[in-house]
1. Looking at (1) surrounded by fewer than 16 Cβ atoms within 10 Å (Cβ to Cβ); (2) within 13 Å of the ligand (Cβ to nearest atom); (3) at pLDDT 90 or above, find the lone condition where ASP71 falls short.
2. Would you point out which residue out of ALA50, ALA43 is under 15 Å from the mean Cα position of the chain (by Cα), more than 24 Å from GLY172 (Cβ to Cβ), among the hydrophobic types (A, V, I, L, M, F, W, C) and away from the ligand (no atom under 12 Å from the Cβ)?
3. What is the number of the single condition among (1) away from the ligand (no atom under 12 Å from the Cβ); (2) in a helix (DSSP H, G or I) that VAL90 does not meet?
4. Any residue at all in the stretch 20-32 that's touching a Phe, Trp or Tyr at 6+ places or on another chain (Cβ under 6 Å), surrounded by fewer than 20 Cβ atoms within 10 Å (Cβ to Cβ) and not hydrophobic (A, V, I, L, M, F, W, C)?
5. Looking at this structure, is ALA161 touching a residue at least 40 places away in the same chain (Cβ under 8 Å), within 11 Å of the ligand (Cβ to nearest atom), closer than 30 Å to ALA118 by Cα and not in a helix (DSSP H, G or I)?
6. Scan the stretch 32-67 residue by residue and report those that are under 17 Å from TYR80 (Cα atoms), in contact with an Asp or Glu (Cβ under 6 Å, 6 or more places away or on another chain) and of a type outside the set (Gly, Ala, Ser).
Amino acid sequence: MLRYVTTNPGKVREAERYLSDGSVERLDFDYPEIQAPELGPIAARGAREAYRHAGEPVLVDDAGLFVEGLDGFPGPYSSYVEETLGIERVREVAADLDDRRAAFRCVLGYCDGDGFAASPDPVDRGDRDAAAAAGPGGEEAGPDEDGEADALPVKLFEGYAPGRIVAPRGEGGFGYDPIFEHDGETFAEMDTERKNAVSHRGRALEKFAEWYADR
Ligand code: IMP
């Protein structure tokens with residue numbers, strides 16, 4: 001049984017369409033999220049933690065809002081910024097910018113304890129990639145970021161949605177959806193089906209579902 005790991009009901013609602021063949025269940029597990037400058041390592045670390053907790057195949061979802069005029073901020077720190085500043089303040093800051101373009105990015109991390117055959121979507125192996133790049137002996141450089149010499153491989157699926165920051169509109173969605181406009185509509189003005197068709201999460205889930213069908 002595949003477990004979709006999140007405490008966010010909004011993400012579950014959006015993922016259901018892609019994972020609704022009865023072989024997936026939500027796992028309400030709040031894995032400790034590391035702070036890192038990129039989403040991939042955060043999703044990979046979360047997937048390892050969740051797999052160790054569940055002992056079954058897991059899919060974790062890490063997302064963020066990247067504002068061009070703020071050099072990509074809040075990006076991987078989106079959750080912290082939403083909790084502390086709130087989306088209204090983010091929109092106020094963006095209102096002063098010349099460039100209000102922004103993008104949502106989502107990285108899904110899949111871990112089932114096994115390795116992966118090559119495919120276009122990347123695999124995170126903890127520090128082993130860096131150790132290998134360091135040359136002979138690099139593998140023995142010490143434990144990886146998880147504190148383990150042998151990190152579980154995690155397959156990553158990325159999705160991207162371009163848009164811009166606007167004054168809040170719409171009642172649907174969650175998080176930053178009311179201030180993110182794509183093609184004239186905010187994500188909060190779209191129903192789930194429409195958001196999925198264009199969103200970062202929809203794109204990543206589509207890639208995952210296609211790959212997972214052959215797994
Ligand atoms: P996380 O992926 O749960 O860590 O979410 C990071 C932050 O981005 C949180 O503040 C979420 O509310 C927000 N977020 C994630 N996905 C979306 C989305 O699809 N729409 C709006 N906000 C999102």
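The values are calculated or read from the model by the stated rules, or taken from the named source; none is laboratory data. What you see is a predicted model, and the numbers here were worked out from it, not measured in a lab. So basically every Cβ, Gly included, is an ideal-geometry build from the backbone, and we count neighbours across all protein chains shown.
1. For ASP71, the failing item is (2).
2. On the way: ALA43 fails: away from the ligand (no atom under 12 Å from the Cβ).
Going through ALA50, ALA43 in turn, the sole match is ALA50.
3. (1)
4. yes
5. On the way: touching a residue at least 40 places away in the same chain (Cβ under 8 Å): yes; within 11 Å of the ligand (Cβ to nearest atom): yes; closer than 30 Å to ALA118 by Cα: yes; not in a helix (DSSP H, G or I): yes.
Yes; evaluated as a whole, the condition is true for this residue.
6. LEU39, ILE42
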